[in-house]
Amino acid sequence: MFGQAEAHVIGAVQWLKLGVELVGALIIALGIAVAGRLLVRALWARRTADFTAIRLTLSRYLALALEFQLGADILSTSIAPSWDQIGRLGAIAVIRTALNFFLSKEMQEERRQTSSEDDTVARAKDQA
């Protein structure tokens, strides 16, 4: 009885993990599509200054997708039968967390630079 219930729980968690991974992959695909569309529009209009905004857009999607992928990793650790698998999942989770951390830092820095440039342009327009 217990073994059968445990097998059902493990199966349900594996399906949930698969769903969470799928959502993460779809978010990445959506981010690529949105950033690609913005890139084509910027190239068509010859606005190369928009590349930073496009990078920030893609970064936001990637950061969100990494959160979902990390959630899937956490689900995997809850049903991992061996310490070896838990160790591998832990390493993957650490790598994904580090990627997300540095991606967030880069997005904050880009936002600061962009807002600083916008302030400079606004002041120059006010003085003109």
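Would you mind calculating the relative contact order of the chain from Cα pairs under 8 angstrom and at least 6 residues apart, reporting the percent as a whole number?
Numbers: 82 pairs, mean separation 35.1, N = 128.
Answer for the chain is 27 percent.
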Give the average over all directions of the projected area of the C-alpha convex hull of the stretch 1-80, one decimal, in nm². 5.2
Near-label residues of the stretch 45-70 by backbone N, under 13 Å of a point 7 Å along Cα→Cβ of S116: none
Gain in span if fully extended, L22 to S78, counting 0.36 nm per residue against the direct Cα distance: 18.3 nm
For the charge dipole of the stretch 1-80, defined by +1 on Lys and Arg C-beta atoms and -1 on Asp and Glu C-beta atoms about the Cα centroid, which residue among A33, L43, L56 has the Cα displaced farthest towards the positive pole? L43
Here the gain from full extension of R41 to I95, 0.36 nm per residue of separation minus their alpha-carbon distance, amounts to 16.1 nm
Quickly work out the E67-to-A49 label distance, labels modelled 7 Å from Cα along the C-beta direction, and quote it in nm with one decimal. 3.1
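Every read-out reported here was derived from the displayed coordinates using simple, explicitly stated rules and does not represent laboratory data. All values derive from a computational prediction rather than experimental measurement. When we count neighbours, we look across all protein chains shown, and the Cβ atoms used for this are built from the backbone with ideal geometry, even at glycine.
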